[in-house]
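Notes to accompany the following structure.
The values are calculated or read from the model by the stated rules, or taken from the named source; none is laboratory data. Just so we're clear, the structure is a prediction, and the values are computed from it rather than from any experiment. So basically every Cβ, Gly included, is an ideal-geometry build from the backbone, and we count neighbours across all protein chains shown.
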Amino acid sequence: METSPAVPRRLPAILSGVVAALAAIGSGHLAAGLIQPSASPALVVASALVDLAPTPVKEFVVRTLGTYDKPVLIGLVTLVVLLLGGALGLLARSRPRPAMAGIVLLGVVPGALALIRAQPLVALLPSLVAVLVGLGAFILLRRLIQPAEPESPLQAGERRRRRQVLLGLAGGGVLAAAAAGGGQVIADRRPGGASAAGRALPAPMSPAPALPDGVQAPDATPFQTSIEDFYRVDISLTTPRIEVEGWSLTIDGMVEQPITLSYDDLLAMPMIERDITFTCVSNEVGGPYVSTGRWLGVPFSEILDRVRLQPGVEQAFSYSLDSGYTCSTPIGPLTDGRDAMIAVGMNGEVLPDKNGFPARMLVPGLFGFVSGTKWLRRIEFTTYAERTAYWTERDWATDAPILTQSRIDHPKALSTSPGDDLVLSGIAWAQHRGIERVEVRIDDGEWRRAELATDGGLDLWRQWTLPFKGDPGRHTAEVRATDATGETQTDKRTKVFPDGARGWHQIVFNTE
Ligand SMILES: Nc1nc2c(c(=O)[nH]1)N[C@H]1C(S)=C(S)[C@@H](COP(=O)(O)O)O[C@H]1N2
Ligand SMILES: [Mo]
């Protein structure tokens with residue numbers, strides 16, 4: 001009689017593959033924490049997906065998951081890899097070699113992607129570690145789950161063996177998770193970033209004009225957004241923590257005198273400080289991607305005086321240090337006297353890592369994706385024929401001024417408030433045009449003019465309030481703003497793609 005080779009049962013086989021995949025991800029993340037956090041295999045794959053995702057998919061993800069899209073995406077990539085690991089574990093029961101080749105492939109893909117995405121050679125190392133550890137774990141676990149004999153009659157021995165398998169799998173899983181967690185802790189503590197800059201911010205030659213009393217309406221959204229609450233939008237899955245010692249900003253292209261500035265060079269230049277409201281093109285009607293900060297930076301006029309533009313420049317094409325992000329800023333708003341700047345400070349502090357430390361661009365009146373490059377490393381003055389920006393390649397608008405918008409912040413949608421002393425409040429913005437009027441309509445009644453808080457300046461949002469009048473019950477409220485050019489927001493809703501959302505914010509609320 002022929003003896004068939006001992007084949008592990010299905011469940012342990014699947015689990016061994018899952019644990020091996022987890023070991024690969026965890027060790028890769030640990031190695032990346034030590035070498036280069038953005039080279040973590042799971043992050044490299046997730047970043048590639050961000051870049052490759054067709055625009056409608058990305059839009060859907062941002063819309064449905066909001067700012068949680070990053071953890072969700074990384075979680076999904078991890079889940080898929082674990083499922084593949086399980087499948088390979090199962091495959092290894094009958095075909096161990098192809099299964100092992102599969103494990104190697106799981107590491108080759110992020111390694112290759114890291115290379116394609118023009119990361120330095122060391123970015124390969126975490127993927128290599130992941131392959132070796134994953135393969136090692138796969139082989140060890142396969143041995144562990146291998147039954148000693150096809151059909152062992154020794155019940156007691158079988159029970160002990162099962163315990164060993166269970167312990168091995170659980171132990172491997174715990175180790176792998178600990179490696180991933182350790183990698184994250186190390187990545188978060190690496191030197192560099194705003195907290196390690198060790199420089200005092202220079203005093204501005206032109207401080208921010210004092211905000212008039214009354215820009216802040218009572219009980220409304222804070223006029224100045226705290227750093228913590230300031231919206232964040234970017235394609236970077238990790239927060240870059242740049243070391244200023246090796247950092248520099250090059251300004252070149254169609255200029256007479258290209259320059260390269262160190263962090264200290266930049267800080268030594270004349271600075272302005274301005275209050276500016278900043279907005280993302282991906283902000284839905286009523287959405288949260290609009291914030292106001294006090295920015296300290298070098299005005300573009302100073303930069304342009306130094307480099308001297310050649311004729312024919314159409315755009316400033318900026319490059320950042322996070323995964324291949326680039327941005328087209330039309331030359332007009334950089335030269336028409338508005339407070340376009342290279343910012344190094346925010347709300348009196350060194351620019352935070354999440355908002356682009358050591359330096360970022362900021363142009364009042366333009367959406368962030370055409371003006372706000374964070375983790376800036378180069379600005380090239382050029383033409384649109386010569387260079388195409390990250391989002392233009394993905395069919396978004398190339399030149400995108402901020403659209404006039406208004407939002408109801410109080411009461412909250414679907415909340416219940418006492419009706420007798422309820423005051424509706426919110427904000428309206430049309431940066432670099434200004435807000436002339438805000439109107440509110442309750443329950444399809446007449447449009448009523450809201451009271452506008454004091455105007456803080458052309459580049460700032462404006463707060464509004466309106467005392468509620470009406471019976472207790474369920475109500476709708478709608479808001480629309482008119483900018484200082486006399487144009488009223490259209491009620492025709494549009495999606496955020498390709499140049500920003502249009503339409504009136506509307507909420508339902510209850511009074512009693
Ligand atoms: N390097 C880099 N800069 C970037 C982005 C990015 O993905 N990478 N996103 C832009 C977009 S779309 C917006 S709206 C603003 C947001 O700036 P904030 O996160 O400081 O609010 O940054 C801009 N600058
Ligand atoms: Mo944006």
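All conditions in (1) crowded, with 16+ Cβ neighbours inside 10 Å; (2) under 23 Å from the mean Cα position of the chain (by Cα); (3) among the aliphatic types (A, V, I, L, M) hold for Leu211, with the sole exception of (2). Report yes if Val185 is more than 30 Å from Asn283 (Cβ to Cβ) and not basic (Lys, Arg), otherwise no. So Val185 passes the test.
With the structure loaded, tell me whether Asp339 is in contact (Cβ under 8 Å) with a residue 40 or more places away in the chain, crowded, with 18+ Cβ neighbours inside 10 Å, more than 16 Å from ligand 2 (Cβ to nearest atom) and farther than 19 Å from Ile402 by Cα or whether it fails that test. Answer is no for this residue. When the range 184-199 is examined, which residues are found to be in contact with a helix residue (DSSP H, G or I) (Cβ under 9 Å, 6 or more places away or on another chain) and either closer than 18 Å to Thr292 by Cβ or assigned to a loop (DSSP other than H, G, I, E, B) (or both)? Arg190, Gly192, Gly193, Ala197, Gly198, Arg199, listed by residue number.
Per the listing Ala210, Ala220, Ala200, the residue uniquely of a type outside the set (Asp, Glu) and more than 30 Å from Arg433 (Cα to Cα) is Ala200.
Criterion applied to Val215, Val233 was being farther than 16 Å from Pro358 by Cβ, within 16 Å of ligand 1 (Cβ to nearest atom) and assigned to a loop (DSSP other than H, G, I, E, B), and the one residue passing it is Val233.
Residues considered: Ile408, Ile402. Of these, the only one that is within 13 Å of ligand 2 (Cβ to nearest atom) and over 30 Å from Gly246 (Cα atoms) is Ile402.
Consider Arg93 carefully, then state whether it is at pLDDT 90 or above, assigned to a helix (DSSP H, G or I) and of a type in the set (Lys, Arg). Spelling it out, Arg93 is indeed at pLDDT 90 or above, assigned to a helix (DSSP H, G or I) and of a type in the set (Lys, Arg).
I'd like to check something: does the range 285-304 contain any residue that is within 8 Å of ligand 1 (Cβ to nearest atom) and closer than 22 Å to Asp264 by Cα? No, the conditions are met nowhere in the range 285-304.
For the range 332-343, the set of residues classified as closer than 15 Å to Ser320 by Cβ and more than 11 Å from ligand 1 (Cβ to nearest atom) consists of Ile342 only.
Cβ-Cβ distances below 8 Å connect the following pairs, each with a first residue in the range 240-265 that is touching a residue at least 12 places away in the same chain (Cβ under 8 Å) and surrounded by fewer than 17 Cβ atoms within 10 Å (Cβ to Cβ), a second residue that is assigned to a loop (DSSP other than H, G, I, E, B) and aromatic (Phe, Trp, Tyr), and a separation of six or more residues or different chains: Ser262/Trp247. Inside the range 100-124, residues that are surrounded by fewer than 15 Cβ atoms within 10 Å (Cβ to Cβ) and over 21 Å from Ala20 (Cβ atoms) make up a count of 5. Among the numbered conditions (1) out of contact with any Cys (no Cβ under 9 Å at 6 or more places or on another chain); (2) within 16 Å of ligand 2 (Cβ to nearest atom), the only one that Ser320 does not meet is (1).
Taken together, the residues in the range 313-336 that are charged (D, E, K, R) and touching a residue at least 12 places away in the same chain (Cβ under 8 Å) amount to 2. The set of residues from the range 479-497 being at pLDDT 95 or above, buried (at least 19 other Cβ atoms within 10 Å of the Cβ) and farther than 28 Å from Arg294 by Cα is empty. Of all residues in the range 372-412, exactly one satisfies the criterion of being in contact with a His (Cβ under 9 Å, 6 or more places away or on another chain) and either over 30 Å from Glu436 (Cα atoms) or at pLDDT below 95 (or both), namely Pro401. Just one of the listed residues (Ser291, Ser301) is among the polar types (S, T, N, Q) and either away from ligand 2 (no atom under 16 Å from the Cβ) or farther than 20 Å from Ser226 by Cα (or both), namely Ser301.
Within the range 275-312, the set of residues being under 21 Å from Met205 (Cβ atoms), in contact (Cβ under 8 Å) with a residue 12 or more places away in the chain and among the acidic types (Asp, Glu) comprises Asp275, Glu302.
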